[in-house]
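Participant: First, the structure itself, so that you have it in front of you.
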Amino acid sequence: MSRIKAYKNPDRGPAWCAEGEMGDYSYYAGADTLEELSVLIAEAAAESGDSPEVVLVNDPDADEAPVAEIDLTVTVKQ
């Protein structure tokens with residue numbers, strides 16, 4: 001199963017980042033808000049035909065439990 005980790009970016013650049021695997025490919029995105037980032041992930045998932053697990057984490061490099069899961073079906077507005 002594909003998994004994307006979303007996190008608040010501590011560095012310069014976008015305020016929020018997402019990285020991980022979507023299908024057979026690596027995925028990375030950045031946005032100013034978590035809502036905007038969720039929309040980007042949802043759009044990429046729809047285009048790829050994949051349904052990745054998207055989790056909110058504090059540190060993308062740590063092996064810690066996710067803070068929350070992001071439901072992409074709620075994010076995409078029809």
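Participant: Would you kindly compute the Cα radius of gyration of the stretch 19-78 and its largest Cα-Cα separation (Dmax), both in Å?
Facilitator: Values for the stretch 19-78 (Cα only, Rg and Dmax): 11.4, 35 Å.
Participant: Taking +1 at the Cβ of each Lys and Arg and -1 at the Cβ of each Asp and Glu, which of L40, S2, A18 sits farthest along the dipole of the chain towards its positive end, judged by Cα position relative to the Cα centre?
Facilitator: Farthest towards the positive end: L40.
Participant: If you find the alpha carbon centre of the stretch 6-43 and of the stretch 51-69, how far apart are they in angstrom?
Facilitator: The stretch 6-43 and the stretch 51-69 have Cα centres separated by 12 Å.
Participant: What percentage of the solvent-accessible surface of the chain, computed with a 1.4 Å probe over protein heavy atoms, is contributed by carbon and sulfur atoms?
Facilitator: 48 percent
Participant: Normalised by the number of residues in the chain, what is the relative contact order in percent for Cα pairs under 8 Å and 6+ residues apart?
Facilitator: 30 percent
Participant: Enter the mean projected area of the convex hull around the alpha-carbon atoms of the stretch 1-48, in nm², rounded to one decimal.
Facilitator: Numbers: hull surface 12.5 nm².
With the hull built on Cα positions only, its mean projection is 3.1 nm².
Participant: Could you report the chain's accessible area per residue, 1.4 Å probe, as an integer in Å²? Don't jump to the answer; show the numbers that get you there.
Facilitator: Working: 5130 Å² over 78 residues.
In whole numbers, the chain has 66 Å² accessible per residue.
Participant: Would you work out the charge dipole size for the chain about its Cα centre, treating the Cβ of every Lys and Arg as +1 and the Cβ of every Asp and Glu as -1, and quote it to the nearest 20 debye? Don't skip to the end; give the middle numbers.
Facilitator: Details: 5 positive and 17 negative charges, 41 e Å.
So the dipole magnitude of the chain works out to roughly 200 debye.
The values are calculated or read from the model by the stated rules, or taken from the named source; none is laboratory data. What you see is a predicted model; the values in this text were computed from it and never measured. All Cβ positions, even for glycine, are placed from backbone atoms using ideal geometry, and neighbour counts span all protein chains on display. Ligands, DNA and RNA are stripped out before the accessible areas are found, and what is left, the full protein with its side chains, is counted by its heavy atoms. Shrake-Rupley method; radii C 1.70, N 1.55, O 1.52, S 1.80 Å.
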